[in-house]
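Quick notes on the structure that follows.
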Amino acid sequence: MSIDESTAKRVAKLARIQVAPERLPALAAEFNTILGFIEQLSEVDVDGVEPMTSVTPQRLKRRVDEVTDGSQQEAVLTNAPDAREGFFAVPKVVE
Amino acid sequence: MSELNKLTLAEARDALRKGDVTSVELTDACLSEIDAAGALNAFVHHTPEIARDQAAAADARIKAGDAPAMCGLPIGIKDLFCTKGVPSQAGSRILEGFLPQYESTITQNLFDAGAVMLGKLNMDEFAMGSSNETSVYGNAVNPWRRGNDDTALTPGGSSGGSASAVAADLCLAATGTDTGGSIRQPAAFVGITGIKPTYGRCSRWGVVAFASSLDQAGPMTKSVRDGAIMLEAMCSHDPKDSTSADLPVPNFEAMLTGDIKGKKIGIPKEYRMDGMPDEIETLWAEGTAMLRDAGAEIVDISLPHTKYALPAYYVIAPAEASSNLARYDGVRYGHRAKLDQGDGITEMYEKTRAEGFGAEVQRRVMIGTYVLSAGFYDAYYNRARKVRTLIKRDFEDVFAQGVDAILTPATPSAAFGLGEASDDPVEMYLNDVFTVTVNMAGLPGIAVPAGQDAQGLPLGLQLIGRPWEEGDLLNTAYALEARAGFVAKPSKWW
């Protein structure tokens, strides 16, 4: 599996990271190095093996479905780069 | 008492309880060492006011006869832990200015046990790195040097600041986190003890997430006994972390008898790597002999899928990271890029993340995005999770044969020079070749300083234990520590 510049560009877009066009060839090369390393996994016989979902066998705990926390609007907004009137503010999303 | 900063946790605790020293004195001794150690770049956010307040409160508790395990002991906290009102940046530009409104469970547990926080410690950005060279704060520096050569060496990573600070006696101990070796590799590079507990022992709540199925916090200390004391204070069942284990936390220190007669120690043949330096090979053989002398039975074992642990890790960890780091979008906290006229929300995300994340983090987020993307999910991500099942099964088979612990080298080399590693990211990844299997299988592991190379740099051995049996593992490490007799300290140049 080899990644070309257009794939690198598509991945950067999916990851929402701006990459300058002149950086794409080097980025694609780095991806290929890493994927080449990962490629060893294709040697392993994984027939009939379950993919791991939890490293320690445990059942997620259940609790009563009730509000245990909340009313912390001020604390939640404290670190926002732009907060107005009790909301997070972002550039226009819909025209 | 002279040089209070050089005390171990156990020594300081005993001196505090006897009234030979106060926490304020201990804390002041550490604070002045920190001030004089800027060259190490270990502490990146200083909290002397908090430290002095906590120390005074600890002294009052001790006087009142209420001295819990860590009462009055000054420690450093890795920048990955959210500490209320104190910068917690995970070594990243994207969290510049972020002030957590809550306290991580582990730091809360430590404070409840009376610990004193001196400040926050340098680390690789989002814990992604093995040399502390990806940090927004710049490199942390190893207090050790190669003989008289003044080349700056890495303290390892990602918990490089923690390792440097403890080895240089800037604090009595420090917290670290370990996703693929980030406690054990730096501990080995600076000649201290580092413990990664069983997955689920330490709450992940309030610890900035890298790869949630692998991340575990643990102590980095000057001795195995200190590791036992601090680990117990860190562990708890936490309803705020759904993977936190609801199991009683034993008194680990009480389990340190040093008696390992009849224990079965496995030596895995797959850890004998091509091109491994003779010094590491020799150290491993010496460690094996020490455990045999202590009465343990040494058995050769096989962990056949070892070589696939690193490649599987470099699918799973980036995949989880790409998901976890999606939250850094310039909306709720941290950095937001300045936008140009006409930029919409997508440009805001893309510019913010390009400016806020360093090169290695960007690389891993994008690799993770790729292996999770439509058409590749099965070939990469699912295959890696199946290989992970096999890696864990290897360990289960060995434990089923009665093996109590496994002895391996901690790292494939001694500390290397800052900037000496090649530009090939995969070469840097190989640093974790002996440690990453343990995270993949969720097991407890401990790095113990065991010797020095020809240039005088520390070398460590790793012991891997059965799940939830940290107490037994610590006792084996204690026996190894006693026989290795590692007492060397870096000579002060900073």
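The values are calculated or read from the model by the stated rules, or taken from the named source; none is laboratory data. This is a predicted model, so every value here is computed, not measured. Don't worry about glycine lacking a Cβ; one is built from the backbone with ideal geometry, like all the others, and counts go over all protein chains shown.
What the table below lists for this structure:
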{"read-out": "When residues of region A:79-95 are limited to those that are over 20 Å from B:Phe98 (Cα atoms) and loosely packed, with under 11 Cβ neighbours inside 10 Å, the one farthest from the other protein chains (Cβ to nearest Cβ)", "value": "A:Glu85"}
{"read-out": "Selected residue [farther than 16 Å from B:Glu279 by Cβ and within 18 Å of the chain's Cα centre (by Cα)] from B:Glu396, B:Glu470, B:Glu481", "value": "B:Glu470"}
{"read-out": "Residues of region B:44-55 satisfying the condition of being in contact with a helix residue (DSSP H, G or I) (Cβ under 6 Å, 6 or more places away or on another chain) and under 22 Å from B:Ile229 (Cα atoms)", "value": "B:Ala51, B:Ala55"}
{"read-out": "Region B:204-217 residues that are under 13 Å from B:Gly180 (Cα atoms), paired with ones that are in a loop (DSSP other than H, G, I, E, B) and of a type in the set (Gly, Ala, Ser) (beta carbon under 7 Å, 6 or more apart)", "value": "B:Leu214/B:Gly180; B:Asp215/B:Ala209"}
{"read-out": "Conditions (1) touching a strand residue (DSSP E or B) at 6+ places or on another chain (Cβ under 8 Å); (2) at positive phi: number failed by A:Ala80", "value": "(2)"}
{"read-out": "Positions within region B:398-425 being farther than 30 Å from A:Ala28 by Cα and exposed (fewer than 14 other Cβ atoms within 10 Å of the Cβ), in sequence order", "value": "B:Ala400, B:Gln401, B:Gly402"}
{"read-out": "Unique residue being part of a loop (DSSP other than H, G, I, E, B) and touching an Asp or Glu at 6+ places or on another chain (Cβ under 7 Å) when the list is B:Ala10, B:Ala69", "value": "B:Ala69"}
{"read-out": "Search result, residues across region A:10-58 that are in contact with a helix residue (DSSP H, G or I) (Cβ under 8 Å, 6 or more places away or on another chain), more than 9 Å from every other protein chain (Cβ to nearest Cβ) and either surrounded by 15 or more Cβ atoms within 10 Å (Cβ to Cβ) or under 28 Å from B:Asp215 (Cβ atoms) (or both)", "value": "A:Leu24, A:Ala28"}
{"read-out": "When residues of region B:243-272 are limited to those that are buried (at least 16 other Cβ atoms within 10 Å of the Cβ) and either more than 23 Å from the chain's Cα centre (by Cα) or assigned to a strand (DSSP E or B) (or both), the one farthest from the other protein chains (Cβ to nearest Cβ)", "value": "B:Ile260"}
{"read-out": "Scan of region B:59-80 for residues that are surrounded by 14 or more Cβ atoms within 10 Å (Cβ to Cβ) and small (Gly, Ala, Ser), ordered by number", "value": "B:Ala67, B:Ala69, B:Gly72, B:Gly76"}
{"read-out": "Among the residues listed as A:Val55, A:Val46, A:Val19, A:Val67, the single one being modelled with pLDDT under 95, part of a loop (DSSP other than H, G, I, E, B) and under 22 Å from B:Ala317 (Cβ atoms)", "value": "A:Val55"}
{"read-out": "Selection within region A:73-88 - closer than 19 Å to B:Arg327 by Cα and part of a loop (DSSP other than H, G, I, E, B)", "value": "A:Thr78, A:Asn79, A:Ala80, A:Pro81, A:Asp82"}
{"read-out": "Selected residue (only one of B:Thr352, B:Thr369 is on the phi < 0 side of the Ramachandran plot, buried (at least 21 other Cβ atoms within 10 Å of the Cβ) and at the interface with chain A (Cβ under 7 Å from one of its Cβ atoms))", "value": "B:Thr369"}
{"read-out": "Restricting region B:420-447 to residues that are charged (D, E, K, R) and part of a helix (DSSP H, G or I), the residue that is nearest to B:Ala359 (Cα to Cα)", "value": "B:Glu427"}
